[in-house]
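Below is one structure; the comments refer to it alone.
The values are calculated or read from the model by the stated rules, or taken from the named source; none is laboratory data. Note that the coordinates shown come from a computational prediction; the quantities given were computed from them, not determined experimentally. Reconstructed Cβ throughout: ideal geometry from the backbone, glycine too, with neighbour counts over all protein chains shown. When the accessible area is computed, the model is the full protein with side chains, heavy atoms only, and any ligands, DNA or RNA have been set aside. Shrake-Rupley method; radii C 1.70, N 1.55, O 1.52, S 1.80 Å.
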Amino acid sequence: MKTVYFDCNATTPVRPEVFEAMRPFLSADGEYGNPSSLHTVGQRAHAALEAAREKVAALLGAADASEIVFTSSGTEADNMAIVGAAFAHRERGRHIVTSAVEHHAVLHTCEYLEKEHGFQVTRLPVDRQGRVSAEDLKRAIRPDTILVSIMAANNEIGTIEPTAELGAVCREKRILFHTDAVQAAGKMSLDLKNSPVDMAAISGHKIYAPKGIGALYIRRGVRLHALLHGGAHEKNRRAGTENVPGAAALGAACDLARREMPKEEPRIRALRDRLEKGILSGVPAVFLNGHPTERLGNTTNLTFEYVEGESLVLALDQAGFALKKSDLPGVEVSTGSACASGLLEPSHVLKAIGVPPEHIHGSVRFSLGHFNSDKDVDSALEIIPAAVDRLRKMSPLWEDRAPSPSGKG
Ligand code: PLP
């Protein structure tokens with residue numbers, strides 16, 4: 001049975017074109033050089049690294065490829081931006097502003113600075129659709145604020161944050177603005193050179209490159225403290241021999257994303273819309289979490305009332321579908337052991353947008369991508385209503401439910 005994969009915000013398969021771009025750097029008769037070596041073998045690897053950097057810069061709309069630093073992941077890029085800015089600018093102040101819906105790569109990094117290094121962190125609330133307001137940001141900024149970090153698009157609900165507006169507030173106050181663009185890159189167009197963004201994190205495995213490669217955009221002139229110390233790699237911004245195969249793959253993935261986006265974005269959005277509308281109209285007592293329009297075209301997060309999201313994910317997994325229950329960050333299919341290991345925390349994102357706990361547990365994320373087709377949506381629309389119906393028939397709560405205000409369930 002072929003798996004229908006609807007979990008592209010968790011990770012994506014490597015595209016064959018990306019694999020081919022990486023292959024020469026993994027072979028003994030290919031380009032195995034160290035890009036810091038002066039000889040020809042090394043210089044060829046160096047040239048490949050710089051070509052990849054150009055491609056990453058082009059996808060992000062950076063003014064210059066030198067503004068891109070390769071990292072091991074989106075998490076490292078977020079850490080480099082936040083800890084790097086905090087340490088480099090702590091003489092000016094120790095206050096950081098972020099939001100309640102950030103990925104843990106940002107939230108836990110801010111928490112670390114708070115607990116271990118005496119920084120103060122303000123976490124801005126979001127509205128019912130998951131958006132941060134510029135007015136709230138203005139009110140939160142203090143004379144000692146040195147950094148604001150608000151994501152470009154949310155991984156769980158897909159809501160797109162108004163980064164142009166938020167960044168403009170920071171620019172006016174001369175405060176650094178970082179955005180976690182891990183979910184936005186490759187899914188919506190970015191034009192960083194004409195935006196008030198100073199730093200932006202991306203990750204390869206969300207855009208059909210392998211796991212273990214990411215990048216941080218650092219606007220020219222922005223000063224960061226390095227996290228890794230050693231050689232002069234990446235212009236002294238990140239020590240360690242560069243992951244040339246990973247960088248080549250990330251470059252190829254960014255190049256594909258940039259060239260294909262005008263066609264791929266609307267194609268995937270249409271599939272997502274058909275899936276979403278089909279479920280909302282075909283299954284009673286389901287509602288959407290996230291912004292109705294300011295949302296990534298591949299993401300839909302739905303609450304199925306009177307259903308355990310975990311049971312639904314498992315039932316669909318058996319039918320060949322891979323998707324994610326909303327309250328288990330990073331866990332594709334939750335199990336009893338996930339519960340026992342304390343992972344069953346209600347999603348902080350759904351909590352922040354005001355979804356009640358019983359609904360959070362019935363929430364499931366569908367995130368589509370390049371390899372999805374109309375056939376996948378057809379089979380999802382065939383299987384999901386029946387699976388939900390079966391699970392609800394086993395629930396005493398469904399039998400005793402009060403009539404829904406929408407009259408649909
Ligand atoms: N930021 C966001 C919004 C993400 O969705 C993720 C991954 O899920 C990350 C950061 C971390 O990226 P990585 O898995 O490359 O460390």
Original post:
What strands (runs of 3 or more DSSP E) completely inside region 126-222 contain at least 2 residues that are open to solvent by less than 50 Å² (accessible area, probe 1.4 Å) and within 14 Å of the ligand (Cβ to nearest atom)?
Top reply: 176-180, 199-203, 214-218
**OP:** Quick one: in region 327-359, of everything that is more than 21 Å from Arg123 (Cα to Cα) and modelled with pLDDT of 50 or more, which residue is surrounded by the most Cβ atoms within 10 Å (Cβ to Cβ)?
**Re:** His359
**OP:** Please work out which residue is nearest to the chain's Cα centre (by Cα), limiting yourself to region 248-259 and to residues that are touching a residue at least 40 places away in the same chain (Cβ under 8 Å) and open to solvent by 10 Å² or more (accessible area, probe 1.4 Å).
**Re:** Ala257
**OP:** State whether one or more residues within region 23-36 are at negative phi, in a helix (DSSP H, G or I) and open to solvent by less than 40 Å² (accessible area, probe 1.4 Å).
**Re:** yes
**OP:** Filter region 98-125 down to the residues that are open to solvent by 70 Å² or more (accessible area, probe 1.4 Å) and either at pLDDT below 95 or within 27 Å of Leu288 (Cβ to Cβ) (or both), then identify the one that is farthest from the ligand (Cβ to nearest atom).
**Re:** Pro125
**OP:** Give me the pairs, please: first residue somewhere in region 149-178 and more than 17 Å from Leu107 (Cα to Cα) and among the basic types (Lys, Arg), second residue anywhere and more than 16 Å from the ligand (Cβ to nearest atom) and open to solvent by 10 Å² or more (accessible area, probe 1.4 Å), beta-carbon distance under 7 Å, and either six or more positions apart or on two chains.
**Re:** Arg171/Pro196; Lys173/Ile141
Subject >> Set Leu228, Leu216, Leu166, Leu176: member being hydrophobic (A, V, I, L, M, F, W, C), within 15 Å of Ala77 (Cα to Cα) and over 17 Å from the mean Cα position of the chain (by Cα) >> reply: Leu228
Original post:
Given the structure, is Thr179 among the hydroxyl-bearing types (Ser, Thr, Tyr) and within 21 Å of Gly297 (Cβ to Cβ)?
Top reply: yes
